[in-house]
1. To the nearest Å, what is the center-to-center distance of the range 114-157 and the range 19-49, using C-alpha atoms only?
2. Compute the angle between helix 263-279 and the longest alpha-carbon principal axis of the chain, please, reported from 0 to 90 degrees and rounded to the nearest 10.
3. Find how many whole Å separate the alpha carbon centroid of the range 229-268 from the alpha carbon centroid of the range 181-207.
4. Which of 66, 146, 23 ends up with the largest GNM mean-square fluctuation for the chain, with Cα atoms connected below 10 Å?
5. Compute the angle between helix 196-206 and the longest alpha-carbon principal axis of the chain, please, reported from 0 to 90 degrees and rounded to the nearest 10.
6. Can you tell me the orientation of helix 130-140 relative to the chain, as the angle in degrees between its alpha-carbon axis and the longest Cα principal axis, to the nearest 10?
7. Given a 10 angstrom Cα cut-off, can you work out which residue in 196, 68, 52 is the most mobile in a GNM of the chain?
8. Rounded if a/c is under 1.5, else prolate if a/b is larger than b/c, else oblate: which is the range 257-330, with a ≥ b ≥ c the root eigenvalues of its Cα gyration tensor?
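Only the coordinates and a few stated rules stand behind these numbers; no lab work does. Owing to the predicted nature of the structure, the values given are computational and were not obtained by experimental measurement.
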Ligand code: PMV
């Protein structure tokens, strides 16, 4: 096999119905389906991969620096899946860069593993369709399965034990959501204390409330699917906030408890609720991942007003406004 140097770009995604809890840790199979919007290229990862017989080990450069042995090990294990599928033994050089500042506390595993799955599988000579690419990206990081697609995306939990049906689908293309914004409020750039992998495992093992969450999520998924089909953001705004609350509640119900949101995050929750009360309807929806930073979805009409309100909250370091973006793309210019 002749390896071809390949470069791919993937954008991050921010879930509105959250994934928290696996039913299979090795295959990264989730307990529930989740839904997200893919962000624009302000939150993206660009990755070049080349397999070569000259290399003795996989080499990984992240944001212009040699990656830690932990990071390289995780990428090597992921590349092993591709090598097995492509029946090759060659090691790879991987150069990857995020568009957003390192240490901004913004998740990079979704865009990172989506870009890596696309670039590495193509470089290894595999011709995967988007569904297969989504299943592959999922093995690197669950949320990466959603970043293969643009617009509104559902990662369907699936029921098969081999995980073949646990893949993402595009629910609605990005152009239908060109009025939607995610006002990101960066509070902390610290690495999270508990990784999502470890946190989820503890939740599934110890939280009783988690069983209730799984039931409630099904109803919320229906509400959100319907609102997406109708292109109606306001119809799902409250459900988005409730699902974020539910995920953070089961985190607190975990033993030992896990807390990602801090007092500044809660000040943002209150500000968004006050904003909606002022407008007399839910025009903005907060959601928080495994960290204190806020993502406030709203429409173009209210984005500037919301941003100004968030900036004025003590502890908010920076804001950025993202639009809804595309799925995976390939580039002919490479990083090395
Ligand atoms: O990116 P992962 O696979 O470690 O999972 C993170 C899950 C959340 O970001 C907390 C929620 C989600 O659905 O993205």
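1. Each part reduced to its Cα centre gives a spacing of 9 Å.
2. 60 degrees
3. 12 Å
4. Looking only at 66, 146, 23, the biggest GNM fluctuation is shown by 66.
5. That works out to roughly 60 degrees.
6. Long axis of 130-140 versus the principal axis of the chain: about 90 degrees.
7. So, out of 196, 68, 52, the one fluctuating most is 68.
8. The shape class here is oblate.
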